[in-house]
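Chemist: Sharing a structure here in structure tokens format.
Readers should treat all values here as calculations from the given coordinates under stated rules, not as data from a laboratory. Small disclaimer: the values here were computed from a predicted structure and weren't measured. Here Cβ is always computed from backbone atoms with ideal geometry, including for glycine, and neighbour counts include all displayed protein chains.
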Amino acid sequence: MTRWIAGLLLTLLLVLQYQIWFAHGGVLNAWSLERSVAQQQKINQRYQKRNEQLVADIKDLKQGHQAIEERARRNLGMIKKGEVFYQVVK
């Protein structure tokens, strides 16, 4: 009778250990989810920095003409009336 109870308890212990470590929602699954969350947080931080930069650019463009002029010069190669454009070729 004692062996039977010991065997039952050992079997129960093994089943519970299996559920703790390998079943859905177990320790291994939790570790995997923690790694996924950490990776997603890094991605979110990168996007947050980009969004802050875009918001600053939008505010700059809305508030002054200087940013608009700078972008027109740099991206479109535009110049103001009365300015002289010099191009240095190496």
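Chemist: Counting only helical runs of four or more DSSP H residues, what would the 222 nm mean residue ellipticity of the chain come to if each run contributes -39,500 (n - 2.57) and the total is spread over all its residues?
Modeler: The per-residue figure over the chain is -27000 deg cm²/dmol.
Chemist: For the Cα atoms of the chain, what angle does the longest principal axis make with the long axis of helix 27-63, in degrees from 0 to 90, nearest 10?
Modeler: Taking Cα atoms only, the helix is inclined about 20 degrees.
Chemist: If I model a spin label at Lys80 and His24 as a point 7 Å from the Cα along the Cα→Cβ vector, what separation in nanometres do I get?
Modeler: The two pseudo-label positions are separated by 6.7 nm.
Chemist: May I ask for the angle, rounded to the nearest 10°, between helix 65-76 and the longest principal axis of the chain, with both axes built from Cα atoms and the value confined to 0 to 90°?
Modeler: Approximately 90 degrees, to the nearest 10.
Chemist: Obtain the nm distance between the two label points defined at Gln17 and Gln39 by a simple spin-label model: each point lies 7 Å from its Cα along the Cα-to-C-beta direction.
Modeler: Taking the two extended label points, one gets 3.0 nm.
Chemist: Of the listed values (1) 13.3, 48; (2) 13.0, 37; (3) 32.2, 106, identify the label whose number matches Rg and Dmax of the Cα atoms in Å calculated from this model.
Modeler: Matching the structure shown: (3).
Chemist: Would you mind computing, in nm to one decimal, how far apart the modelled labels at Arg71 and Trp4 are, each placed 7 Å from Cα along Cα→Cβ?
Modeler: So the two model labels end up 8.3 nm from each other.
Chemist: Right, here's the next one. Any idea how many Lys pairs in the chain come in under 30 angstrom at the alpha carbon, given 8 or more places apart or on separate chains?
Modeler: Step by step, the pairs that qualify in the chain add up to 9.
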